[in-house]
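Please read the structure below before turning to the comments.
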Amino acid sequence: MKLTTIIQNINTWIIILGLIFIHQAKAQDISYPYSILQFPFIDYQHNVIDFPSDSNQFDIISQKLNRMILEGEGKLTILQIGGSHIQADIYSNVARYRLQHFYPGLDAGRGFVFPYAIAKTNNPVNIKVEYTGQWDGCRNVQKNKTCFLGLAGISVSTSDSSASFKIYSYESYHSYDFNHITLFYNLDSSSYRPVLAYSELIDSIYSDTLRGFQTIYYKQYIDTFALSLEKVDTFQRPFVFYGADLQTNDPGVVYHSIGINGASIPSFLRCQLFEQQLSVLSPDLVILSIGTNDAYGKTFDPEVYFNNYDTLIQRILKAVPNTALMITVPNDDYLYKRRPNPHTALQEKEIYLLAKKYHAGVWNLYKIMGGFNSSQVWYNYGLMKYDRIHFTKDGYLLKGDLFFNAFLKMYDSFIESKLSKNSLLDIGTNN
């Protein structure tokens with residue numbers, strides 16, 4: 001047997017023994033690998049991923065994660081879509097960081113970014129945006145605007161040749177570098193060509209006019225995404241930017257988060273380029289965290305909600321047929337800051353019906369929080385804001401840790417099933 005093979009087998013057994021130790025630790029109520037703050041009103045027992053149908057697609061997700069840990073190969077791409085909870089990117093960033101760092105070598109890049117500040121709305125808390133020139137913004141919640149929108153539900157456009165922007169990480173957050181960028185913009189109808197910083201480091205460029213994206217490969221890693229414009233003809237056809245994907249060639253987890261303040265399911269159904277751009281990102285898992293705005297009102301029609309969600313899921317599966325789906329039940333909230341919202345319980349029922357139909361997983365935040373009117377308790381503990389819709393920073397951090405631990409339990413169950421079948425030797429294989 002070759003020495004390298006012996007070393008690989010030894011490493012595999014070391015990891016397996018570590019996983020067994022984790023199971024023993026769990027049996028003794030030792031938190032792993034990150035502890036969660038304990039509150040008497042949170043239903044920790046239900047902090048799991050439910051599967052009303054089967055978990056076959058999620059076994060594939062766990063297998064990919066397992067292969068990265070045991071063999072250091074492959075990527076797991078996750079996309080989370082939602083409203084203001086996701087645009088702020090506090091709890092989704094916790095999930096991103098935890099998944100990329102609970103085991104060494106799982107950080108594969110920041111993923112999708114957009115310069116929200118240019119559209120006069122808040123950036124994710126972990127990135128900073130600087131820009132120059134005149135820009136027009138458009139979001140999928142603005143029904144009076146006629147503009148093309150992509151997967152992110154937001155775009156910015158300009159005919160100002162002096163326009164530019166720069167995106168980089170805040171020093172207080174984890175800093176991401178990357179060695180290739182995928183730009184989403186109107187390649188076939190713009191009078192302007194994007195010019196990226198560090199042009200001397202560009203190795204090659206691939207353009208796909210049909211699907212509206214361009215990928216730029218660099219010779220080395222960089223940590224700032226900066227773009228300016230060069231006018232290429234005499235026409236006044238504006239440059240329209242839909243977002244960018246910042247990645248590395250390294251194996252690991254890529255966690256895209258896309259959210260628009262106030263967005264409902266119909267908001268994303270209005271995005272004409274949704275499927276086209278989703279197919280480019282090609283996520284292994286799509287997490288749908290939409291619904292609070294669909295149920296915010298005096299009346300709520302469960303059938304309309306189900307049909308809208310059903311249409312969105314069909315559009316997702318048309319673009320990425322083999323993706324796994326997860327639906328998160330919205331948090332308990334208040335209507336008009338005055339009374340608890342009874343509609344979330346109705347949404348919960350429809351979500352489980354959808355999950356059964358599409359073999360999706362469900363993370364039931366509503367039940368985990370404590371159910372009806374639990375947002376008042378979370379507010380009393382300083383975990384929700386006065387509107388009892390949005391969380392405080394501490395609340396979002398807790399929410400992110402809860403989600404990560406539920407995800408980890410799913411992976412843990414996959415490992416347990418391998419161990420129970422005495423398949424230690426093939427635990428890292430694709431079988």
Between Ser204 and Asp250, what is the FRET efficiency for a Förster distance of 25 Å, r being their Cβ-Cβ separation, to the nearest 0.05? 0.85
Given charges at Cβ of Lys, Arg, Asp, Glu: the range 342-427 dipole, positive-most of Ile389, Ile351, Val362: Ile351
State the extension gain, in nm to one decimal, for the chain segment bounded by Arg211 and His101, taking 0.36 nm per residue of separation less the distance between their alpha-carbons. 36.3 nm
Over the chain, relative contact order from alpha-carbon pairs under 8 Å, at least 6 apart, %: 24
Figure the gain on full extension for Asn380 and Glu303 (residue separation times 0.36 nm, minus the Cα-Cα span) and round it to one decimal in nm. 24.3 nm
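Using a ≥ b ≥ c from the Cα gyration tensor of the range 278-340 (square roots of the eigenvalues), is it rounded, prolate or oblate, where a/c under 1.5 gives rounded and otherwise the larger of a/b and b/c decides, a/b for prolate?
Working: a/c = 3.57, a/b = 2.18, b/c = 1.64.
Prolate, since a/c reaches 1.5 and a/b exceeds b/c.
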From the phi of every residue in the range 156-161, what ³J(HN,Hα) in whole Hz does the Karplus formula 6.51 cos²θ - 1.76 cosθ + 1.60 yield, where θ is phi - 60° and glycine or proline is x? 10, 9, 7, 10, 9, 5
Run the numbers for Thr311 and Phe148: contour at 0.36 nm per residue of separation, minus the present Cα-Cα distance, in nm. 56.7 nm
Estimated distance in nm for a label pair at Asp160 and His174, the labels positioned 7 Å out from Cα along Cα-to-Cβ: 3.5
First check a/c for the chain, with a ≥ b ≥ c the square roots of the eigenvalues of its C-alpha gyration tensor; if it is under 1.5, answer rounded, and if not, answer prolate when a/b is larger than b/c or oblate otherwise. oblate
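If a/c stays under 1.5 just call it rounded; otherwise compare a/b with b/c (prolate if a/b is bigger, oblate if not). Do that for the range 42-101, with a ≥ b ≥ c from the square roots of the Cα gyration tensor eigenvalues. Intermediate values should be presented prior to the final figure.
Working: a/c = 1.83, a/b = 1.22, b/c = 1.50.
Because a/c hits 1.5 or more and a/b fails to exceed b/c, the range 42-101 counts as oblate.
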Starting with the highest mean, order 44-57, 264-277 by the number of other Cβ atoms within 10 Å, averaged over the residues of each peptide. 264-277, 44-57
For the chain, give me every cysteine whose Cβ has no other Cys Cβ within less than 4.7 Å, ordered by residue number. Cys271
Expressed as a whole number of Å, what is the distance separating the alpha-carbon centroids of the range 50-105 and the range 206-263? 22
Residues in the range 176-197 that a label on Thr224 would reach, taking backbone N under 11 Å of a point 7 Å out along Cα→Cβ: 197
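Laboratory data are not the source of any read-out in this text; all were calculated from the coordinates shown. Since the model is a prediction, treat every value here as computed from it, not as a measurement. Neighbour counts are summed over all protein chains in view; Cβ atoms, including those assigned to glycine, are modelled from backbone coordinates with ideal geometry.
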